[in-house]
Structures are given as C-alpha cells and as structure tokens.
Amino acid sequence: MLGRSTQLTSLVTLLGGQVDDDPFLPMTSMSMMPLVVVYGYNSTGKSSLVRLALQTLQCMSSISFTALIDCTTIYSRRQLFTDILRQIDPMARAQPDELSATLQLQPAVDGYHNLNFLGFLQCLSKIASNKSLVVALDNVDHLLARGMTDLLSSLLRLSHELHVPVRIGIVLVTRNISARLHKMLAEHTPAYVHLPLYSSGDIADILVLQLRMWRRETPFRAWVHFLHSVFEHDCHDWIDFRHRVLDLLPLFDAHYSPADAEDAVDKAVHKQLVQATQTHVKAQWHQSIGPRRGVPHDDAALNNDINLPRGSLLLVLASYLASFNPQESDMAFFTTAQRSKKKRARHGTAAASSNTTSSSKSSVLTQLFGPKPFPLQRLLAIYHSIHDEVDPSFETDPREGRPMSRREAFAHVGGACMQHNR
C-alpha cells in the first residue's frame, strides 16, 4: 500500500500477525492487542489499510475469523450482531446467493436476523470457540451518534469481563478521537495507529500509478511537487489536489508528449511548463473572482481581493457562528428540554411518557434545523451580512415580510457561500 507500509506493518503486528519471515518463530508467539484505534484525516486510507491488514492476517493463518463492519449502515444493535456473525460464519459466507436467485430457491435461514446481546454471545461462542477473531468497526463515530455507546462498551469488554471463550481483537476506525470516544477508551489500554496526511512524494507515487506515467515519471514528479507547493493550502485533501492535477494535465502533455517523451527533466522545458501553469492558474483565479455586478471594473480593486477556497470560507463561517454566546432564548430552550427530561423520569407510566415524548417532539421539531444555541434572529443577521458581502447592490426580496425558518436561513447561507466561492 503506497505511503502506508509502516502503518500496515504496525497494525498487522498489533493484531497478532507475524511480519518476520522467520520459520523458527511460531505463529502463536505473537500477542494480539484487544483494542486498536486507527485514526486519521479524510482520504488518508484508513478503510483500505484495515481491509488489507485483515486480508494479510487471513493469508498468514494467524487469525481464524475477521469481520469488517461499516457503521454508516448500522442503525440497530441487532443489525450489528447480524453483520458480524454472517461474516465469520463459514456456512453463511458459502451460501450461493446468485445461484439461489437464478434457480428461485429460498435462502437458508441462519437465525442471525433477530438476536439480542445474549444470543449474539451464544452464537459467537459456538462459531469461534477457542479461536481468534478480529472485528473492525469502520466509521465508529456513527454508533456513538446513534445512541449505541453502551453496545460499543460491551463489545470492548467481551474478552475481559464476559468470559467468552474467544480470543477477540477490536479495531476502531475513526476520523478523529472525539471527547465521547476518548472517555470510553480511558477505561481500556488501546494501541493507536495514526495515518498522517499524504506527503507530496506519496501523492506523486499514487498519481504516477493511477495515471500510468511510467515513461514520463521524472518530469511528472517534478511538476507534481511544484503544483503541491502552489495548491497545498487550497485543497481539502489529496483527492481535491488530484482534481487540480487532472484539470492541468493537458499543459503537461503539451510540453512532454506521451509519444516521444523521455524519462528526464529538461530544465528549459520544465521552466516553460512552470510558467504556463502559473499563467493558467492566475487566469483561472481572476476568472473566478471576476468583476462584481454593479461595480466598475478596476484592476487595482481586483488585486486587493482575497480568493478564499471553499474550505477556508466554511471555516470562517463556522468560527463566526461559534463566536456567539448563548442568549436568554437559548437558555430557555435548554431549560425546557431539561424539565421535560425530569418529568419523564418522574412519571413512571408508559402512557405519560409517550404523551410527553410526542408533545416535546412536536414543539421542538421546528427548532432542530440548525445549531440549537443560535436563534433565528442571529441566523438571519448572518445571512444578510453574507448576502451584502456577496452582492451589495441586491434589491429587497419581496418575501422578506414573511418569517423565515431555520431550514431556509441555512439554505440561503449555503447558497451565498457557494456563490462567493465561484
């Protein structure tokens, strides 16, 4: 795996795999960490790294069963139990789904579709008794956001407190270790595998492989390093940088033809390519900001403008929203929500609880279209200020007389951001 060989070796070793080709070292001598956390920014190869590590462990025969669960598709506890058991059960994996559909046969009932936690433990002990199992939970933050914190805590305690006769290793894959996840991990001693951002050399390796630039590898790498110095702070991740490279690739083909190019850097040709790239990027920049409507065209005014990329613009907007302190209306909202929780806890009847829940949902539903600490009045103020900055000469909207919902306010803010980004 390009740019991730060190992390792959570390992960395989932590999960009990043997990375040294020593025939005198038995497979069982490697210890498996019960909990490993793989974290890194977007598009850093976390999912691909974990998938390749599990495949490596299976090829080494050091792990009997592996399961990789994408938590973005998990909405219930029983669904998680079903996905894990069906991935580790050899009979469930061997079911010929396509053949059954062709012959119009009924699929075999494995009994994993409606299990509670106790039933899950019984099936797990039956399938993987006295064997090793690695369960990887990708995008684990979705489980926490959907109220399954206790389920995740139970999974982390399987090999310690529940006395399951299975050697279990859990891999948590997340973009960032949130405060809630950090609090849960404090009870354990996990091992961490961090995936940093790709360097310019790693990105060049990936692009050479994807674009098949083997004949022109040396000049292409030099050009990619130059582009990385130009767009380093404007790209959200290496995927955005790849789009920039593909957009400017005709310039590279014009200076280094695929037919007669040699794998060497000509200083004169490289200088011409750099100048052509700078001219093209500058022309795109002036075209993106352009003269504003109602304002006379002035080169000096254009030079004074600042071209913010979309990521920076949204960051400025987020910091602008976060700069507000909670107001009295926000305190009233939180107080009302807290009182409703206390009332539901005080009244033990199910009927009273259902009535309170339905009434609270109907009253709070219109307020959940935006951040709770920001009332509608401040959202409208933010919207109008951004609208004035985008187009100062706009006419009064005839719909301003009617009240605007939070959904409409955020839609207008997003539209203003997109318009300003163009």
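Tabulated values for the structure
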{"item": "Cα-based Rg of segment 188-250 normalised by 2.2 N^0.38 Å, two decimals", "result": "1.33"}
{"item": "Computed lengthening from residue 202 to residue 268, 0.36 nm per intervening residue step minus Cα-Cα distance", "result": "21.1 nm"}
{"item": "Residues whose placed amide H lies under 5 Å from that of residue 191, excluding near-sequence neighbours", "result": "35, 36, 37"}
{"item": "Stretch gain in nm, segment residue 257-residue 118, where the contour uses 0.36 nm per residue and the Cα spacing is subtracted", "result": "43.5 nm"}
{"item": "Space enclosed by the convex hull of the alpha-carbon atoms of segment 200-289, per residue, Å³", "result": "89 Å³"}
{"item": "Burial order of peptide ranges 213-221, 195-203 (average beta-carbon count within 10 Å, highest first)", "result": "213-221, 195-203"}
{"item": "Label-to-label distance, nm, for residues given as residue 130 and residue 48 (7 Å Cα→Cβ offset)", "result": "4.1 nm"}
{"item": "Inter-label distance for residue 233 and residue 186, nm, one decimal - labels placed 7 Å from Cα along Cα-to-Cβ", "result": "3.7 nm"}
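A short reminder: the numbers here are calculations on the coordinates, not readings from a lab. Being a predicted model, the structure only gives us computed values, none of them experimental. All Cβ positions, glycine included, derive from the backbone under ideal geometry; neighbour counts span all protein chains shown.
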